[in-house]
Amino acid sequence: MNGQPATATPIRFLYRGQVQMVEGVAATTTVLEWLRLSQRALGTKEGCNEGDCGACTVVIGSLDPAAPGGVALRSVNACIHLLAMLDGRLLLTVEDLADPVEGLHPVQQAMVECHGAQCGFCTPGFVMSLFHLYENQPTLPDHAGLCHALAGNLCRCTGYRPILAAAQAAWQAPARRRDRTPWRAALTALAAHPALDYQAPASAGGGRVQAPRSLAALGAALQADPAARVLAGATDIGLWITKLGRSLPHLVHLDRVAELQVLEVRDGCLHIGAAVTHARAWPALQAFYPEVADLARRFASPTVCHAGTLVGNVANGSPIGDAMPLLLALDARLELQCGADVRIVPLAAFYLGYQRTVLTAGEFVRSVLVPVPVPVPVPARSRLACYKVSKRFDQDITAVCAAFRLDLDAGGRIIQARLAWGGMAAIPLRTPGAEAVLEGQDWSEATCARAQVALLTELTPMSDLRASAAYRREVAGNLLQRFWYETSTGIGTPPVRLDQVEASP
Ligand SMILES: Cc1cc2nc3c(=O)[nH]c(=O)nc-3n(C[C@H](O)[C@H](O)[C@H](O)COP(=O)(O)OP(=O)(O)OC[C@H]3O[C@@H](n4cnc5c(N)ncnc54)[C@H](O)[C@@H]3O)c2cc1C
Ligand code: FES
Ligand code: FES
């Protein structure tokens, strides 16, 4: 059921120095729609409307004692961010950057001076991504850091060189960063309001969004309406709204439940709560498993990673989701909660079929538990690698994703093998047949070749727009061979990444 809330609240957030109290819009209204259609704030552009081009980039502020001035800033894609997710937050757009006295913000000034715009359509998005970076990074990032920060912004006419030059110029100019203290005071006042329970009028499209503030309230909300949809970062759900026109009558947002923001090591596991974004989760994983760095860098864009969650990736269960092969290879488990009851299931037992999971009505994923080596680093006899194969390096959907882990004994014999795959079936999966071929054998080229043959029969991938089944199968075997080349350096010797080896002249 989608019962009316006993006490409906408006959506409250800070915008243009004032508290906005929004009512009378559909519950699934995006930030971009509200800006452009209700506010006629046209600086924020609409390009793809699916999180890919960055033309709609805005910056969101929230209370965080660990952040400068007590307010954390993160850039997100307004086209797939729901207005209701702003409740209790600060919204900054390209119109908010210039100072009435001092003029353009340093990143805007640098874009002007370095000729960082031609048609200008992408410019507000670039400016907001640079603003986010500038306000969070006192020192100029290196070239790779700048490129990564802008990986979610596309420009089709200026070219990226002047934009990167503008970025450098902004940091080289006298520093002028925003004072976050006034925002903290206003956000603290907003936090005193009751938890969001917004009911949109039928005339505006209807729909309800709740944002409970405790695990108990979240559990109760989902039990009261098992048809309600859990809303995390909306980087999948946003596209269901903008591209598929799906009806979502009741959304329950996880972000305000403090217990779901947990990111800590306990009992030999890294606990990653359901509200932890990719931007926080991947560096934590990387601290224990440095081998994930390349996959982490290529996972979406910073703007998507500032909103989307690791648990959302797992719960959504897309066969081409990038986190699952790695988590399968690391023997991750999921903590599931229904009402007040909690159970733990191995990730390997979570998926039942294409986007079908063991979650029961009213149940949600509370956290993912990833076993971590204590102390770090990974024991020298463990071998781990993950690979993403896609047509484009940045921001592309995976054709094949693989994560391999081998535990070897002192003599180099494989004690346990885990070969996990995305893009190879209707669900992320391991290949027990090929793993059995490896286990008990020396990690040699001949063993690897036998496992490659086993993979050919065990994997039955699909053909789609991204790759044919034959291509995927061949790539799978090649990736295992690459893993052999990279990890055959002998026990106790660090693996070598083939893409980091200088080509011979
Ligand atoms: C431009 C772009 C690039 C992307 N690039 C990548 C990429 O490189 N690799 C990749 O794997 N993915 C990518 N994605 C997909 C997306 O970012 C991830 O799947 C994301 O992790 C989903 O998390 P979310 O918090 O946004 O989930 P939401 O969109 O809020 O929810 C997704 C689904 O999961 C459910 N759900 C969420 N949390 C829970 C929970 N705790 N319990 C139960 N159900 C839950 C929701 O009900 C919904 O069904 C990309 C998306 C975009 C828009
Ligand atoms: S309009 Fe392209 S990312 Fe939002
Ligand atoms: S300036 Fe035209 S798309 Fe970038």
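For the range 30-44, how many residues are aliphatic (A, V, I, L, M) and within 21 Å of the chain's Cα centre (by Cα)? Spell out the reasoning first.
Kept after step one, since they are aliphatic (A, V, I, L, M), are these residues of the range 30-44: 31-32, 35, 37, 41-42.
Filter once more, keeping what is within 21 Å of the chain's Cα centre (by Cα): 31-32.
Going through the range 30-44 one residue at a time, the tally reaches 2.
Could you tell me whether any residue of the range 11-25 is in contact (Cβ under 8 Å) with a residue 12 or more places away in the chain and under 23 Å from ARG156 (Cα atoms)?
no
Please go through the range 229-267 and pick out each residue that is basic (Lys, Arg) and surrounded by fewer than 20 Cβ atoms within 10 Å (Cβ to Cβ).
Initial filter on the range 229-267 (basic (Lys, Arg)): 229, 243, 246, 256, 266.
Within the range 229-267, ARG229, LYS243, ARG246, ARG266 qualify.
Is there a residue in the range 78-94 that is under 26 Å from LEU37 (Cβ atoms), away from ligand 2 (no atom under 16 Å from the Cβ), touching a helix residue (DSSP H, G or I) at 6+ places or on another chain (Cβ under 7 Å) and not hydrophobic (A, V, I, L, M, F, W, C)?
yes
Applying the selection to the range 151-165, what residues are away from ligand 1 (no atom under 16 Å from the Cβ) and small (Gly, Ala, Ser)?
Passing the criteria: GLY159, ALA165.
Please specify each residue of the range 151-183 satisfying the condition of being outside any loop (DSSP other than H, G, I, E, B) and within 16 Å of ligand 2 (Cβ to nearest atom).
Residues of the range 151-183 outside any loop (DSSP other than H, G, I, E, B): 160-172, 181-183.
None - no residue of the range 151-183 is outside any loop (DSSP other than H, G, I, E, B) and within 16 Å of ligand 2 (Cβ to nearest atom), so the list stays empty.
Is it the case that some residue within the range 304-327 is near ligand 1 (Cβ under 7 Å from one of its atoms), hydroxyl-bearing (Ser, Thr, Tyr) and buried (at least 23 other Cβ atoms within 10 Å of the Cβ)?
Yes, the range 304-327 contains at least one residue that is near ligand 1 (Cβ under 7 Å from one of its atoms), hydroxyl-bearing (Ser, Thr, Tyr) and buried (at least 23 other Cβ atoms within 10 Å of the Cβ).
Only one of (1) part of a helix (DSSP H, G or I); (2) of a type outside the set (A, V, I, L, M); (3) closer than 16 Å to ALA232 by Cα; (4) out of contact with any helix residue (DSSP H, G or I) (no Cβ under 7 Å at 6 or more places or on another chain) is not met by ASN313, so which one is it?
(4)
Given the options ALA84, ALA72, name the one that is of a type in the set (Gly, Ala, Ser) and assigned to a helix (DSSP H, G or I).
On the way: ALA72 fails: assigned to a helix (DSSP H, G or I).
Answer to the selection: ALA84.
What are the residues in the range 92-105 that are under 13 Å from HIS132 (Cβ atoms) and not in a loop (DSSP other than H, G, I, E, B), if any?
Restricting attention to the range 92-105, the residues satisfying the condition of being under 13 Å from HIS132 (Cβ atoms) are 92-94, 96-97, 105.
If the condition is that a residue be under 13 Å from HIS132 (Cβ atoms) and not in a loop (DSSP other than H, G, I, E, B), then LEU92, VAL94, ASP96 are the ones that fit.
Among the numbered criteria (1) surrounded by 19 or more Cβ atoms within 10 Å (Cβ to Cβ); (2) assigned to a helix (DSSP H, G or I), which one does GLN286 miss?
So the condition that GLN286 fails would be (1).
So ASN49 fits all but one of (1) assigned to a loop (DSSP other than H, G, I, E, B); (2) surrounded by fewer than 18 Cβ atoms within 10 Å (Cβ to Cβ); (3) within 16 Å of ligand 2 (Cβ to nearest atom); what number is the exception?
Failed condition: (2).
I'd like to check something: does the range 418-435 contain any residue that is charged (D, E, K, R), closer than 22 Å to ALA296 by Cβ, in contact with a strand residue (DSSP E or B) (Cβ under 6 Å, 6 or more places away or on another chain) and not assigned by TED's automatic domain parsing to the domain that holds ALA293?
yes
Test each condition in (1) surrounded by 23 or more Cβ atoms within 10 Å (Cβ to Cβ); (2) within 16 Å of ligand 1 (Cβ to nearest atom); (3) not in a loop (DSSP other than H, G, I, E, B) for PRO124 and report the one that comes out false.
Failing condition for PRO124: (2).
Tell me, please, whether a residue that is in a loop (DSSP other than H, G, I, E, B), under 30 Å from MET111 (Cβ atoms), in the same structural domain as GLY51 (by TED's automatic domain parsing) and modelled with pLDDT of 95 or more can be found in the range 215-233. So that I can check it myself, show each step before the final result.
First pass over the range 215-233, keeping only residues in a loop (DSSP other than H, G, I, E, B): 225-228, 232-233.
Retained after the next criterion (residues that are under 30 Å from MET111 (Cβ atoms)): 233.
Filter once more, keeping what is in the same structural domain as GLY51 (by TED's automatic domain parsing): 233.
Checking which are modelled with pLDDT of 95 or more leaves us with 233.
Yes; the residues of the range 215-233 include at least one that is in a loop (DSSP other than H, G, I, E, B), under 30 Å from MET111 (Cβ atoms), in the same structural domain as GLY51 (by TED's automatic domain parsing) and modelled with pLDDT of 95 or more.
Kindly indicate which of GLN109, GLN20 is outside any loop (DSSP other than H, G, I, E, B), within 21 Å of ASP197 (Cα to Cα) and either among the aliphatic types (A, V, I, L, M) or away from ligand 3 (no atom under 16 Å from the Cβ) (or both).
GLN20
Among the listed residues GLY47, GLY70, GLY51, identify the single one that is more than 20 Å from the chain's Cα centre (by Cα), of a type outside the set (A, V, I, L, M, F, W, C) and over 27 Å from PRO174 (Cα atoms). Full working, then the answer.
Values: GLY70 fails: over 27 Å from PRO174 (Cα atoms); GLY51 fails: more than 20 Å from the chain's Cα centre (by Cα).
Among GLY47, GLY70, GLY51, only GLY47 is more than 20 Å from the chain's Cα centre (by Cα), of a type outside the set (A, V, I, L, M, F, W, C) and over 27 Å from PRO174 (Cα atoms).
For residues that are touching a residue at least 24 places away in the same chain (Cβ under 8 Å), over 27 Å from ARG89 (Cβ atoms) and aliphatic (A, V, I, L, M), scanning just the range 274-316, find the one that is farthest from ligand 3 (Cβ to nearest atom).
Within the range 274-316, the match that is farthest from ligand 3 (Cβ to nearest atom) is ALA287.
From the list ALA98, ALA72, ALA84, ALA78, pick out the single residue that is within 30 Å of GLU23 (Cα to Cα), within 16 Å of ligand 1 (Cβ to nearest atom) and free of Cβ contacts under 8 Å to residues at least 60 places away in the same chain.
Details: ALA98 fails: within 16 Å of ligand 1 (Cβ to nearest atom); ALA72 fails: within 16 Å of ligand 1 (Cβ to nearest atom); ALA84 fails: free of Cβ contacts under 8 Å to residues at least 60 places away in the same chain.
Going through ALA98, ALA72, ALA84, ALA78 in turn, the sole match is ALA78.
Residue check, ASN2 against (1) modelled with pLDDT under 95; (2) surrounded by 21 or more Cβ atoms within 10 Å (Cβ to Cβ), all met but one. Which one?
So ASN2 meets the others, but not (2).
Residue by residue, here is whether (1) more than 22 Å from ASP322 (Cβ to Cβ); (2) in a loop (DSSP other than H, G, I, E, B); (3) at pLDDT below 95 holds:
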{"site": "ALA417", "(1), (2), (3)": "no, no, no"}
{"site": "ALA436", "(1), (2), (3)": "yes, no, no"}
{"site": "GLY440", "(1), (2), (3)": "yes, yes, no"}
{"site": "LEU455", "(1), (2), (3)": "no, no, no"}
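The values are calculated or read from the model by the stated rules, or taken from the named source; none is laboratory data. Predicted model, so just to flag it, every value in this text is computed and none were measured. With ideal geometry, Cβ positions are generated from the backbone for all residues, glycine too; neighbour counts draw on all protein chains shown.
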